[in-house]
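Following: one structure in structure tokens, then a few remarks.
The values are calculated or read from the model by the stated rules, or taken from the named source; none is laboratory data. For clarity, every value in this text was computed on a predicted model and none was experimentally measured. Using ideal geometry, Cβ is built from the backbone for each residue, glycine included, and neighbour counts are taken over all protein chains shown. Keep in mind that these areas ignore ligands, DNA and RNA; they rest on the heavy atoms of the full protein, side chains included. Shrake-Rupley method; radii C 1.70, N 1.55, O 1.52, S 1.80 Å.
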Amino acid sequence: MVMKLILASNSPRRKELLSKIDYPFEIIPSGVEENSAATEPTELVQELAKLKATDVYARHPDCVVLGCDTVVDFEGEVMGKPYDREDAFRMLHALSGKRHFVHTGVCILSPVGKWLFCDSTEVNFRNLSEKEIADYVNGGEADGKAGAYGIQDDSRFAASFKGDFDNVVGLPVYRVKAILDKIYKG
């Protein structure tokens, strides 16, 4: 019997990224409250990814469950999804012309093993004009995105990055594929 792969996320970006890998999957989002006492961004994303994966795995213990969480780390401040448009403006103003890190925590739970890791990518933003920020935020493009931006939506914001581009979008595909290959292909 082949174990079913479950993505414990409703994120359309993660769905698209996971589709790059040749494993069929089902989406069953976690309903767990995303609370953590972790203060270190890399620990936070791993803890939240584990919470989500554990929640879904408890209901589907014969499956492979993939849980993820992504944050922007700017000078020690964890930037998750903006609360509102004002928060999105604040985040993009802070990131303008500066370097930050995007951390994605990944937890994969299965009957054959458990994996928990964090992938980090350095992103350098160019200086953004007030109009660019206003157009982006008022157009709704900042909504629901860690750090108030989606690099896949507007890569013009990033002057450069070091690391995995897919990680910035929300899923380090290469690392996840390597683990899924171990699980499914031995």
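Odds and ends about this structure:
- Given 16 as the ceiling on other Cβ atoms within 10 Å, longest exposed-site-free region of the chain for trypsin sites (Lys or Arg not before Pro) in DSSP loops: 21-97
- Cβ charges +1 (Lys, Arg) and -1 (Asp, Glu), total dipole of the chain, debye: 660 debye
- Protein accessible area in the chain, 1.4 Å probe - carbon and sulfur %: 50 percent
- Checking the Cα-Cα distances for K15/K185; K20/K131; K50/K177; K52/K162; K162/K182 against a 24 Å cut-off, the pairs over it are K20/K131; K52/K162; K162/K182.
- Cα-Cα P(r), the stretch 3-60, percent of pairs per 10 Å interval: 22, 47, 28, 3
- Taking a quarter of the surface of the Cα convex hull of the stretch 43-186 gives a mean projected area of 8.8 nm².
- Reciprocal of mean inverse Cα separation for the stretch 57-114 (Kirkwood radius, Å): 13.7 Å
- Helix runs (DSSP H) in the chain reaching 18 Å along axis by Cα, Kyte-Doolittle at least 0.5: none
- D87 accessible area, 1.4 Å probe, all protein chains in place, Å² to nearest 10: 20 Å²
- Selection from Y136, G105, L5, by position along the positive dipole direction of the chain (Cβ): L5
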